[in-house]
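Visitor: Would you mind keeping the following structure in view while I ask a few things?
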Amino acid sequence: MKLSISLLLLFIFSTSCRQQYPQGERIYQTYCVNCHMEDGTGLGWLIPPLAGADFLQSNRGDVPCIIQYGHKGGINVNGIIYKEPMPSFRNLNEVELSNLINYLNTAWGNDNPETSPSEIAKALELCPDK
Amino acid sequence: MFSRISPFLLFALGLWYSCQTKSQDRPPLPILGNYEVVNGDTVYHSIPDFSFIDQDSNVITNDSFAGRIYVADFFFTSCPSICPKVKKEMLRMYEKYHSDTRLAFVSHSIDTKRDTVGRLKEYATNLGVSSEFWHFVTGKKSEIFKIANEYFVSALEDPGAPGGFDHSGRLILIDKDRHVRAFCNGTVSEEVDVFMDQIDFILETEY
């Protein structure tokens, strides 16, 4: 009996862990999924993947800038240069960006450290292309 | 011993028979669009003559697809809405069919101003596809928009739409007689699965 209750609790815990950033996922479905795809794999060498993307970790501070202000001129993800421009999403605030980036950092098997609205705000101040 | 085997044998025979008759029992794909009867003959809607330029600067006409079926769609390279999803689905189809010489793809750019031959070449190269199989074409804007109607695809310039153009993500199957035989919404994987089944069927029964 005790074992089955613990198993049940473990199941509830593990399923609740999988859906940590529902708001981030909603934002992804609204603004990102058309290009980066449902499974985060991107498109050929045109649109970079987000699933398993080294860029999310190696260029942590650039991620909010790219989403907020867009990007042109190529981006290196997992050793491939993707040249399609990324549109800007200036309507997203720090909290929304934080939820979205936390979703990207944990979806599709990604396992990157969490970010916060204050970290996002600091990163946005340092963006090169505003 | 025979009595034990016979039900299995019968089942296997039945399965074999059902497989044999499957494509015969299935009706052919319809010819889509309006038709008229002229002197007792039915004249179906067919794709009129066209002439466009592809990513290798080759002229692409109806003759480029002579004796083949082809899949057509309308897009533009900077499209921020449905195009990448449609291209992802077409890429899935490409993986399956690209070595089959009975089939080809033609993607028409509706942004003829920005999508130059060079831009289309870059796009196709970065998609990783062969220009023998998949033609990305451009041409006179009025002619591209006119031919879209012939494929039953809506495409129009709309400053309010994402990227400046409003268009559908429809994929259209054209047979060797220029007839439209099937279509699907290229943004929906399940519809594309059915579409591929229709392509397999037409290849099996008409080529």
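The values are calculated or read from the model by the stated rules, or taken from the named source; none is laboratory data. Quantities reported herein were computed from a predicted structural model and do not represent experimental measurements. Here the Cβ is made from the backbone with ideal geometry for all residues, glycine too, and neighbour counts use every protein chain on show.
Visitor: Can you name the condition, by its number, that B:Val137 falls short on among (1) under 24 Å from B:Pro48 (Cβ atoms); (2) out of contact with any His (no Cβ under 9 Å at 6 or more places or on another chain)?
Guide: Status for B:Val137: all satisfied but (2).
Visitor: Could we say that A:Asn102 is buried (at least 19 other Cβ atoms within 10 Å of the Cβ) and of a type in the set (S, T, N, Q) here? Lay out the reasoning, then the answer.
Guide: Details: buried (at least 19 other Cβ atoms within 10 Å of the Cβ): yes; of a type in the set (S, T, N, Q): yes.
So A:Asn102 fits the description; yes.
Visitor: In addition: Starting from residues that are more than 14 Å from A:Trp108 (Cα to Cα) and in a loop (DSSP other than H, G, I, E, B), keep the ones in segment A:35-49 and report whichever is farthest from the other protein chains (Cβ to nearest Cβ).
Guide: First pass over segment A:35-49, keeping only residues more than 14 Å from A:Trp108 (Cα to Cα): A:35, A:43-48.
When the remaining residues are screened for being in a loop (DSSP other than H, G, I, E, B), the result is A:44-46, A:48.
On the way: A:Gly44: 4, A:Trp45: 4, A:Leu46: 5, A:Pro48: 11 Å.
Of everything passing the filter in segment A:35-49, A:Pro48 is farthest from the other protein chains (Cβ to nearest Cβ).
Visitor: Being more than 30 Å from A:Gly74 (Cβ to Cβ), of a type in the set (Asp, Glu) and crowded, with 16+ Cβ neighbours inside 10 Å is true for just one of B:Glu150, B:Glu190. Which residue is that? Show your work before the answer.
Guide: Values: B:Glu190 fails: crowded, with 16+ Cβ neighbours inside 10 Å.
On inspection, the qualifying residue turns out to be B:Glu150.
Visitor: Determine if segment A:81-97 includes at least one residue that is surrounded by 14 or more Cβ atoms within 10 Å (Cβ to Cβ), in contact with a Cys (Cβ under 6 Å, 6 or more places away or on another chain) and more than 14 Å from chain B (Cβ to nearest Cβ).
Guide: No: zero hits.
Visitor: Do you know which residues across segment B:43-62 are of a type in the set (D, E, K, R) and touching a Leu at 6+ places or on another chain (Cβ under 8 Å)? Working first, answer last.
Guide: Initially, segment B:43-62 is screened for residues of a type in the set (D, E, K, R), giving B:49, B:54, B:56.
Within segment B:43-62, just B:Asp54 meets the criteria.
Visitor: Restricting to segment A:79-127, count the residues that are part of a helix (DSSP H, G or I), over 18 Å from A:Tyr69 (Cβ atoms) and hydrophobic (A, V, I, L, M, F, W, C).
Guide: 2
Visitor: Let me ask something else. What residue, among those in segment B:86-122 that are of a type in the set (A, V, I, L, M, F, W, C), farther than 21 Å from B:Gly67 by Cα and buried (at least 20 other Cβ atoms within 10 Å of the Cβ), is farthest from the other protein chains (Cβ to nearest Cβ)? Quick ask: steps written out before the conclusion?
Guide: Start the filter on segment B:86-122 by keeping residues that are of a type in the set (A, V, I, L, M, F, W, C), which leaves B:86, B:90-91, B:93, B:103-106, B:110, B:117, B:120.
With farther than 21 Å from B:Gly67 by Cα added as a condition, the list becomes B:86, B:90-91, B:110, B:117, B:120.
After this cut, where a residue has to be buried (at least 20 other Cβ atoms within 10 Å of the Cβ) as well, the list is B:86, B:90, B:110, B:120.
On the way: B:Val86: 10, B:Met90: 10, B:Ile110: 17, B:Leu120: 12 Å.
If we take residues in segment B:86-122 being of a type in the set (A, V, I, L, M, F, W, C), farther than 21 Å from B:Gly67 by Cα and buried (at least 20 other Cβ atoms within 10 Å of the Cβ), then B:Ile110 is farthest from the other protein chains (Cβ to nearest Cβ).
Visitor: Continuing with the same structure: How many residues, within segment B:62-82, are within 12 Å of the chain's Cα centre (by Cα) and within 12 Å of another protein chain (Cβ to nearest Cβ)?
Guide: 0
Visitor: Those residues that are more than 23 Å from B:Val86 (Cα to Cα), part of a loop (DSSP other than H, G, I, E, B) and in contact with a strand residue (DSSP E or B) (Cβ under 9 Å, 6 or more places away or on another chain), I need them from segment A:50-71; list them, please.
Guide: A:Asp54, A:Asn59
Visitor: A:Tyr69 versus (1) modelled with pLDDT of 95 or more; (2) in contact with a Ser or Thr (Cβ under 6 Å, 6 or more places away or on another chain); (3) within 14 Å of another protein chain (Cβ to nearest Cβ): which is the lone unmet condition?
Guide: Checking A:Tyr69 against (1) modelled with pLDDT of 95 or more; (2) in contact with a Ser or Thr (Cβ under 6 Å, 6 or more places away or on another chain); (3) within 14 Å of another protein chain (Cβ to nearest Cβ), the one that fails is (3).
Visitor: If I ask for residues that are assigned to a loop (DSSP other than H, G, I, E, B), surrounded by 11 or more Cβ atoms within 10 Å (Cβ to Cβ) and in contact with an Asp or Glu (Cβ under 8 Å, 6 or more places away or on another chain), which ones from segment B:46-78 would you list?
Guide: From segment B:46-78, those assigned to a loop (DSSP other than H, G, I, E, B) are B:46-50, B:54-58, B:66-68, B:76-78; that's our starting set.
Keeping just the survivors that are surrounded by 11 or more Cβ atoms within 10 Å (Cβ to Cβ) gives B:46-47, B:50, B:54-56, B:58, B:68, B:76-78.
Listed by number, the residues that qualify are B:Ser46, B:Ile47, B:Phe50, B:Phe76, B:Thr77, B:Ser78.
Visitor: Here's something else I'd like to know. I want to confirm something. Restricting to segment B:53-74 and keeping residues that are of a type in the set (A, V, I, L, M, F, W, C) and in contact (Cβ under 8 Å) with a residue 24 or more places away in the chain, which single residue is nearest to B:Val192 (Cα to Cα)?
Guide: From segment B:53-74, those of a type in the set (A, V, I, L, M, F, W, C) are B:53, B:59-60, B:65-66, B:69, B:71-72, B:74; that's our starting set.
Okay, now just the ones that are also in contact (Cβ under 8 Å) with a residue 24 or more places away in the chain, so B:53, B:60, B:65-66, B:69, B:71-72, B:74.
Details: B:Ile53: 27, B:Ile60: 25, B:Phe65: 22, B:Ala66: 24, B:Ile69: 16, B:Val71: 12, B:Ala72: 13, B:Phe74: 16 Å.
Residue satisfying both the conditions and the ranking: B:Val71.
Visitor: Separate question: Looking at this structure, is A:Glu25 within 11 Å of chain B (Cβ to nearest Cβ) and either surrounded by fewer than 18 Cβ atoms within 10 Å (Cβ to Cβ) or modelled with pLDDT of 95 or more (or both)?
Guide: Details: within 11 Å of chain B (Cβ to nearest Cβ): no; either surrounded by fewer than 18 Cβ atoms within 10 Å (Cβ to Cβ) or modelled with pLDDT of 95 or more (or both): yes.
The answer is no for A:Glu25.
Visitor: Conditions first: (1) more than 14 Å from chain B (Cβ to nearest Cβ); (2) under 21 Å from B:Thr77 (Cα atoms). A:Ser116 passes all but one, so which condition is the exception?
Guide: Exception for A:Ser116: condition (2).
Visitor: For segment B:158-171, state whether one or more residues are acidic (Asp, Glu) and in contact (Cβ under 8 Å) with a residue 24 or more places away in the chain. Don't jump to the end; show me each part of the working.
Guide: Of all residues in segment B:158-171, those acidic (Asp, Glu) come to B:158, B:166.
So of that shortlist, the ones also in contact (Cβ under 8 Å) with a residue 24 or more places away in the chain come out as none.
No, that holds for no residue.
For (1) away from chain A (no Cβ under 14 Å); (2) among the basic types (Lys, Arg); (3) in contact with a strand residue (DSSP E or B) (Cβ under 6 Å, 6 or more places away or on another chain), each residue gets a yes or a no:
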site: B:Pro84; (1), (2), (3): no, no, yes
site: B:Ala124; (1), (2), (3): no, no, yes
site: B:Leu127; (1), (2), (3): no, no, no
site: B:Thr138; (1), (2), (3): yes, no, yes
site: B:Ile147; (1), (2), (3): yes, no, no
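Visitor: Is there a residue being at pLDDT 90 or above, in a strand (DSSP E or B) and away from chain A (no Cβ under 14 Å) anywhere in segment B:14-30?
Guide: Taking segment B:14-30 first, the residues at pLDDT 90 or above are B:26-30.
Those still in the list that are in a strand (DSSP E or B) too: none.
So far as segment B:14-30 goes, no, none of its residues is at pLDDT 90 or above, in a strand (DSSP E or B) and away from chain A (no Cβ under 14 Å).
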